[in-house]
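Chemist: First, the structure itself, so that you have it in front of you.
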Amino acid sequence: MSRHMKTFNAPKFYRVSPKSRPWIVKPLPGPHPKRESIPLAVVLRDILKICDDLKDAKKIIKSGEIFVDGRVRKNYKFGVGLMDVISFKTLGKNYRVVMSTSGLKLIEIPKNEANLKLCRINRKIMIRGKKIQLGTHDGRSILANKDFNTGDSVLIELPSQKIIEHLKMEKGNLGLITGGENTGKFVKIKSVKRTRSREPNKVVCDLENREIDAVKDDVFVVGKDKPRIKLE
């Protein structure tokens, strides 16, 4: 299996022209799917333009200057994805990976939000001792109570994973569309439709004064009247 991929096969949100170089770094398997993550080297060199070439990017990352969700990451192929927080120790800057209409992008966030992250609950299982374990969109496992449901979101503290706030997928809350033709747009949730068939469950949403049906797995609850953290 190739360690790199051809640039024209890279997701558009890498912001790299196929004419600039024939090959680009491919993210390692990790908490986010490969097509939904960006290698740290690409973040530094091509998106934030902190360095000019891969050699310098590797040097910066290996030095322990880069934190992802509060933990040092030294592999230049480590992939960051939706809602991840990237912090630069020396620069004193923090960025969050968010969803836009053109895919993933990075935005700078204030220091007081660098230890906050929204996670979508994708799985909920009972483990030994009748404890409830939540599986989130970024591969985390968090112990919680029975009040949480798949599709809900939690605001957690980094890196402890302490749950600060529970955002339910319910009428009136604010959602972010993460897939389909309305990717990157904010919607007001009206109701959840359970199809009880091979068709995926849907969420009825209000988008710019018109009603749409979105696949439940493509709706990320981010707040009530406004996003709980900076997302644009």
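The values are calculated or read from the model by the stated rules, or taken from the named source; none is laboratory data. Bear in mind the structure is a predicted one, so any value in this text is a computation, not a measurement. Here Cβ is always computed from backbone atoms with ideal geometry, including for glycine, and neighbour counts include all displayed protein chains.
Chemist: Return yes when Asn122 is in a loop (DSSP other than H, G, I, E, B) and either within 18 Å of the chain's Cα centre (by Cα) or surrounded by 18 or more Cβ atoms within 10 Å (Cβ to Cβ) (or both) and no when it is not.
Modeler: Details: in a loop (DSSP other than H, G, I, E, B): no; either within 18 Å of the chain's Cα centre (by Cα) or surrounded by 18 or more Cβ atoms within 10 Å (Cβ to Cβ) (or both): yes.
Answer is no for this residue.
Chemist: Could you tell me how many of the residues in segment 157-173 are among the charged types (D, E, K, R) and part of a loop (DSSP other than H, G, I, E, B)?
Modeler: 3
Chemist: What pairs come up if the first residue lies in segment 183-199 and is over 20 Å from Met99 (Cβ atoms), the second is assigned to a loop (DSSP other than H, G, I, E, B), and their beta carbons are under 7 Å apart, counting only those six or more places apart or on different chains?
Modeler: Once the first residue is over 20 Å from Met99 (Cβ atoms) and sits in segment 183-199, its partners that are assigned to a loop (DSSP other than H, G, I, E, B) give Lys190/Lys171; Ser191/Lys171; Val192/Met169; Val192/Asn201; Lys193/Asn201; Arg194/Asn201; Thr195/Asn201.
Chemist: Of all residues in segment 111-126, which are in contact (Cβ under 8 Å) with a residue 24 or more places away in the chain, under 22 Å from Gly92 (Cα atoms) and of a type outside the set (D, E, K, R)?
Modeler: Within segment 111-126, Ala114, Asn115, Leu116, Leu118 qualify.
Chemist: I need every pair where a residue in segment 205-232 that is in contact (Cβ under 8 Å) with a residue 40 or more places away in the chain has its Cβ under 8 Å from the Cβ of a residue that is surrounded by fewer than 17 Cβ atoms within 10 Å (Cβ to Cβ) and acidic (Asp, Glu), sequence separation at least 6 or different chains.
Modeler: Pairs found: Arg228/Glu165; Ile229/Glu113; Lys230/Glu113.
Chemist: Moving to a separate point now. If we scan segment 54-61, do we find a residue that is of a type in the set (Gly, Ala, Ser) and under 23 Å from Thr178 (Cβ atoms)?
Modeler: Checked against the condition, which is being of a type in the set (Gly, Ala, Ser) and under 23 Å from Thr178 (Cβ atoms), segment 54-61 yields no hits at all.
Chemist: Which of the strands (runs of 3 or more DSSP E) found entirely inside segment 33-108 contain at least 2 residues meeting this: at positive phi?
Modeler: Qualifying strands (runs of 3 or more DSSP E): none found.
Chemist: Further, regarding this structure: How many of the residues making up segment 9-43 are within 23 Å of the chain's Cα centre (by Cα) and farther than 30 Å from Asn122 by Cα?
Modeler: So the answer is 2.
Chemist: For Lys19, indicate whether it is among the charged types (D, E, K, R), part of a loop (DSSP other than H, G, I, E, B), in the same structural domain as Phe88 (by TED's automatic domain parsing) and closer than 23 Å to Lys62 by Cα. Can you show your working first?
Modeler: On the way: among the charged types (D, E, K, R): yes; part of a loop (DSSP other than H, G, I, E, B): yes; in the same structural domain as Phe88 (by TED's automatic domain parsing): yes; closer than 23 Å to Lys62 by Cα: no.
When the stated conditions are applied, Lys19 does not pass them.
Chemist: Which condition does Glu181 not pass, out of (1) over 22 Å from the mean Cα position of the chain (by Cα); (2) modelled with pLDDT under 95, if it passes all the others?
Modeler: Tallying (1) over 22 Å from the mean Cα position of the chain (by Cα); (2) modelled with pLDDT under 95, Glu181 fails exactly one: (1).
Chemist: Just checking, which of Lys146, Lys74 is outside the structural domain of Tyr14 (by TED's automatic domain parsing), among the basic types (Lys, Arg) and surrounded by fewer than 20 Cβ atoms within 10 Å (Cβ to Cβ)? Steps first, please.
Modeler: Numbers: Lys74 fails: outside the structural domain of Tyr14 (by TED's automatic domain parsing).
Exactly one of Lys146, Lys74 is outside the structural domain of Tyr14 (by TED's automatic domain parsing), among the basic types (Lys, Arg) and surrounded by fewer than 20 Cβ atoms within 10 Å (Cβ to Cβ), namely Lys146.
Chemist: Does segment 51-67 contain at least one residue that is under 24 Å from Leu155 (Cα atoms), at pLDDT 95 or above and touching a strand residue (DSSP E or B) at 6+ places or on another chain (Cβ under 7 Å)? Let's see the steps before the verdict.
Modeler: Narrowing segment 51-67 to residues under 24 Å from Leu155 (Cα atoms): 66-67.
Subsequent filtering for residues that are at pLDDT 95 or above retains 66-67.
Those left that are additionally touching a strand residue (DSSP E or B) at 6+ places or on another chain (Cβ under 7 Å): 66-67.
Yes, segment 51-67 contains at least one residue that is under 24 Å from Leu155 (Cα atoms), at pLDDT 95 or above and touching a strand residue (DSSP E or B) at 6+ places or on another chain (Cβ under 7 Å).
Chemist: Something else: Let me spell it out: the conditions are (1) farther than 30 Å from Val187 by Cβ; (2) modelled with pLDDT under 95, and Arg71 meets all of them except one. Which number is the exception?
Modeler: (2)
Chemist: Would you please name the residue that is modelled with the lowest pLDDT, looking only at residues in segment 16-42 that are charged (D, E, K, R) and out of contact with any Pro (no Cβ under 9 Å at 6 or more places or on another chain)?
Modeler: Lys19
Chemist: Same structure again: Condition check: out of contact with any Ser or Thr (no Cβ under 9 Å at 6 or more places or on another chain), in contact (Cβ under 8 Å) with a residue 12 or more places away in the chain, of a type in the set (Gly, Ala, Ser) and part of a loop (DSSP other than H, G, I, E, B). Does Gly129 satisfy that?
Modeler: No.
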